[in-house]
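J.: Supplied in structure tokens, the structure appears directly below.
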């Protein structure tokens with residue numbers, strides 16, 4: 001289902017040194033994982049015996065009891081499609097290894113030895129176990145069957161699933177085995193661990209798991225031994241967690257003497273899209289791996305993960321505030337750099353009383369504050385046209401007065417009427433020509449004023465408009481520096497709110513601007529009210545920003561975007577409505593590339609940019625039919 005898999009991490013109640021009792025608890029959790037349609041579940045390191053047995057690992061009775069327990073587990077799990085990684089010891093050529101056995105349907109598919117054996121402070125594992133770091137291409141015979149053995153194993157299905165395994169200290173090493181596994185294609189790493197608890201260690205451990213998942217562009221599932229381990233010198237808390245590309249999706253409760261199982265639905269197809277676009281991943285050194293095909297795996301029948309309807313906007317208010325602060329700094333310093341390079345005296349921009357021009361003006365104002373220059377050197381131009389309303393005009397005037405910038409009013413009606421007459425267009429025909437003449441007239445005025453004032457025209461169009469091509473070619477499409485070009489519409493609103501919070505003197509006028517419908521105001525007003533509302537024409541911007549995010553960042557196919565959007569906007573838009581606007585998004589995104597191919601310079605502020613010089617390369621004559629056809633199925 002669109003690359004989604006359900007991954008689990010299990011911490012069974014431990015009976016130290018009693019494999020017969022331990023395996024029953026392992027089986028119970030394994031069965032639960034199977035019933036919950038978990039694709040793969042990771043158990044702790046040496047969970048069949050317990051980790052803290054020290055020299056008892058040399059005892060033949062313990063080794064036989066462990067193998068008897070494992071054989072019983074295989075017999076009892078013959079109908080489990082779920083993969084399980086179980087921790088145990090393995091004797092090979094009179095050497096003892098700390099290993100993970102990957103099992104499915106009652107068979108051992110492969111055995112992975114631990115690479116890095118600690119021998120420091122409270123850990124003295126080298127006393128009992130050898131490193132398997134150099135073991136590749138080997139097999140062992142267990143229960144009469146030959147089993148792949150080594151650190152070169154990747155388990156895969158016919159879809160996106162590619163799993164590698166490492167054990168505890170391997171993650172903490174200078175070069176974890178997971179690095180090579182991921183570089184060779186593994187997008188899921190299981191870690192069987194026995195990590196003790198120290199003050200502050202849990203936070204560090206979680207950060208280690210989270211950042212490893214981000215660095216490797218993978219899912220990382222971790223399960224550590226619980227408090228049933230010996231407390232002679234250390235305490236084990238039974239930490240468990242699942243991270244996906246830098247985000248911690250699930251974490252268990254530590255210090256529980258009872259068993260627990262956590263699970264998270266992960267998106268492996270998303271990781272493929274990220275990796276394909278990341279040259280650092282593609283250039284990483286690879287190791288020759290043995291790829292083990294697994295039987296068909298269980299998949300989620302209903303997704304259990306929340307889908308963020310506003311992926312460009314942090315949900316946490318504190319995070320959102322920090323993001324806005326950072327973006328405002330990026331915008332301001334981008335403009336400062338451009339003005340210094342061009343040796344420009346003034347910034348010139350059109351101000352309409354709408355969100356985009358407001359944000360551009362605020363960012364320009366901040367840049368002038370940083371440069372310690374008088375805000376009156378900013379030239380804001382209001383250009384009333386046939387569709388301008390009293391509300392937007394009044395807000396534009398009030399905002400400029402409050403900021404202390406110079407405001408000029410240059411009506412465009414006469415200029416537009418002269419253009420209509422010159423080209424033989426009836427001004428009563430309110431078509432695209434009627435609208436675009438006004439947009440180009442405004443741009444012409446701004447460009448000419450910039451020449452006259454030795455200024456630079458600051459563009460106001462945002463990322464969402466650029467994606468949809470909702471601009472007039474060589475009209476508002478053009479500027480000398482597109483300051484908002486990296487900011488999606490859903491984030492524009494929060495940035496304006498941010499300025500209202502940190503500058504209380506602006507809160508009233510910005511509050512009214514925020515409540516004004518988005519409109520280009522190119523059609524005549526109706527009884528003084530805005531008649532042309534953008535979101536009634538192209539659809540809700542929150543939908544388009546959602547489409548844009550998944551389409552560009554992850555390369556998601558239309559059917560998957562539709563599926564995710566129906567979950568994210570459940571109760572707000574039905575599937576038919578989402579499908580309608582998704583079709584429009586795709587059609588406009590493809591057909592309007594010619595505008596992006598010659599768009600002005602502008603700063604990138606987030607992970608997505610549509611600059612033709614940097615992030616997005618696309619021919620202007622690409623055909624959209626294959627993408628639209630998927631929505632017809």
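The values are calculated or read from the model by the stated rules, or taken from the named source; none is laboratory data. Here the structure is a predicted model, which is why all the values come from computation and not from measurement. With ideal geometry, Cβ positions are generated from the backbone for all residues, glycine too; neighbour counts draw on all protein chains shown.
J.: Just need a number here: residues in region 183-208 that are assigned to a helix (DSSP H, G or I) and without any contact (Cβ under 8 Å) to a residue 40 or more places away in the chain.
T.: Here is the first cut: in region 183-208, the ones assigned to a helix (DSSP H, G or I) are 183, 201-208.
Going one step further and asking which of them are without any contact (Cβ under 8 Å) to a residue 40 or more places away in the chain, we end up with 201, 203-205, 207-208.
Summing the residues that are assigned to a helix (DSSP H, G or I) and without any contact (Cβ under 8 Å) to a residue 40 or more places away in the chain in region 183-208 gives 6.
J.: Determine whether region 303-322 contains at least one residue that is in contact with a strand residue (DSSP E or B) (Cβ under 8 Å, 6 or more places away or on another chain) and part of a helix (DSSP H, G or I). Quick ask: steps written out before the conclusion?
T.: Narrowing region 303-322 to residues in contact with a strand residue (DSSP E or B) (Cβ under 8 Å, 6 or more places away or on another chain): 303-305.
Still in the list and also part of a helix (DSSP H, G or I): none.
Checked region 303-322: no residue is in contact with a strand residue (DSSP E or B) (Cβ under 8 Å, 6 or more places away or on another chain) and part of a helix (DSSP H, G or I).
J.: Scan region 50-73 and give yes if some residue there is at positive phi, in the same structural domain as residue 151 (by TED's automatic domain parsing) and in a loop (DSSP other than H, G, I, E, B), otherwise no. Talk me through it step by step, then tell me what you get.
T.: Step one: filter region 50-73 for residues at positive phi, giving 50, 54.
Add one more test, that the residue is in the same structural domain as residue 151 (by TED's automatic domain parsing), and what stays is 50, 54.
Applying the additional criterion that residues be in a loop (DSSP other than H, G, I, E, B) yields 50.
Looking for residues that are at positive phi, in the same structural domain as residue 151 (by TED's automatic domain parsing) and in a loop (DSSP other than H, G, I, E, B), one finds at least one in region 50-73, hence yes.
J.: While we're here: Restricting attention to region 560-571, which residues are without any contact (Cβ under 8 Å) to a residue 24 or more places away in the chain and exposed (fewer than 15 other Cβ atoms within 10 Å of the Cβ)?
T.: Matches in region 560-571: 570, 571.
J.: Residues of region 385-409 being outside any helix (DSSP H, G or I), surrounded by 16 or more Cβ atoms within 10 Å (Cβ to Cβ) and touching a strand residue (DSSP E or B) at 6+ places or on another chain (Cβ under 7 Å), which ones? Before you say what the answer is, go through the steps one by one.
T.: If we filter region 385-409 for residues that are outside any helix (DSSP H, G or I), which is where we start, we get 385-389, 404-409.
Imposing the further condition that a residue be surrounded by 16 or more Cβ atoms within 10 Å (Cβ to Cβ) reduces the set to 385-389, 405-407.
If the condition is that a residue be outside any helix (DSSP H, G or I), surrounded by 16 or more Cβ atoms within 10 Å (Cβ to Cβ) and touching a strand residue (DSSP E or B) at 6+ places or on another chain (Cβ under 7 Å), then 389, 405, 406, 407 are the ones that fit.
J.: While we're here: Residues 511, 539, 555: which one is surrounded by fewer than 16 Cβ atoms within 10 Å (Cβ to Cβ), more than 25 Å from residue 278 (Cβ to Cβ), in contact with a helix residue (DSSP H, G or I) (Cβ under 8 Å, 6 or more places away or on another chain) and modelled with pLDDT of 80 or more?
T.: Working: 539 fails: surrounded by fewer than 16 Cβ atoms within 10 Å (Cβ to Cβ); 555 fails: more than 25 Å from residue 278 (Cβ to Cβ).
Step by step, each of 511, 539, 555 is checked, and only 511 is surrounded by fewer than 16 Cβ atoms within 10 Å (Cβ to Cβ), more than 25 Å from residue 278 (Cβ to Cβ), in contact with a helix residue (DSSP H, G or I) (Cβ under 8 Å, 6 or more places away or on another chain) and modelled with pLDDT of 80 or more.
J.: Could you run through region 6-49 and say how many residues are in a loop (DSSP other than H, G, I, E, B) and without any contact (Cβ under 8 Å) to a residue 60 or more places away in the chain? Can you show your working first?
T.: Taking region 6-49 first, the residues in a loop (DSSP other than H, G, I, E, B) are 12-18, 36-39, 43-49.
Restricting the remaining residues to those that are without any contact (Cβ under 8 Å) to a residue 60 or more places away in the chain gives 17-18, 48-49.
Residues in region 6-49 being in a loop (DSSP other than H, G, I, E, B) and without any contact (Cβ under 8 Å) to a residue 60 or more places away in the chain: 4 in total.
J.: Check 129, 149, 123 and return the single one that is surrounded by fewer than 20 Cβ atoms within 10 Å (Cβ to Cβ) and either assigned by TED's automatic domain parsing to the domain that holds residue 67 or in contact with a strand residue (DSSP E or B) (Cβ under 9 Å, 6 or more places away or on another chain) (or both). Spell out the reasoning first.
T.: Numbers: 129 fails: surrounded by fewer than 20 Cβ atoms within 10 Å (Cβ to Cβ); 149 fails: surrounded by fewer than 20 Cβ atoms within 10 Å (Cβ to Cβ).
Of the residues listed, the single one that is surrounded by fewer than 20 Cβ atoms within 10 Å (Cβ to Cβ) and either assigned by TED's automatic domain parsing to the domain that holds residue 67 or in contact with a strand residue (DSSP E or B) (Cβ under 9 Å, 6 or more places away or on another chain) (or both) is 123.
J.: Tally up the residues in region 358-383 that are under 32 Å from the mean Cα position of the chain (by Cα) and modelled with pLDDT under 95, please.
T.: Matching residues across region 358-383 total 0.
J.: Could you identify the single residue in 338, 299 that is at pLDDT 95 or above, surrounded by 16 or more Cβ atoms within 10 Å (Cβ to Cβ), part of a loop (DSSP other than H, G, I, E, B) and in contact with a strand residue (DSSP E or B) (Cβ under 7 Å, 6 or more places away or on another chain)?
T.: Details: 338 fails: part of a loop (DSSP other than H, G, I, E, B).
None of the others qualify; the one that does is 299.
J.: Quick check on this structure: which one of 275, 286 is assigned to a loop (DSSP other than H, G, I, E, B) and assigned by TED's automatic domain parsing to the domain that holds residue 39? Break it down into steps so the answer makes sense when it comes.
T.: Working: 275 fails: assigned to a loop (DSSP other than H, G, I, E, B).
Unique residue meeting the criteria: 286.
J.: Please state which of the following conditions residue 331 fails to meet, knowing it meets all the rest: (1) at pLDDT 95 or above; (2) in the same structural domain as residue 41 (by TED's automatic domain parsing).
T.: (2)
J.: Also: Scan region 103-115 and tell me whether some residue there is under 14 Å from residue 167 (Cβ atoms) and in a loop (DSSP other than H, G, I, E, B). Working first, answer last.
T.: Of all residues in region 103-115, those under 14 Å from residue 167 (Cβ atoms) come to 110-115.
Now drop any that are not in a loop (DSSP other than H, G, I, E, B), which leaves 114-115.
Yes, region 103-115 contains a residue that is under 14 Å from residue 167 (Cβ atoms) and in a loop (DSSP other than H, G, I, E, B).
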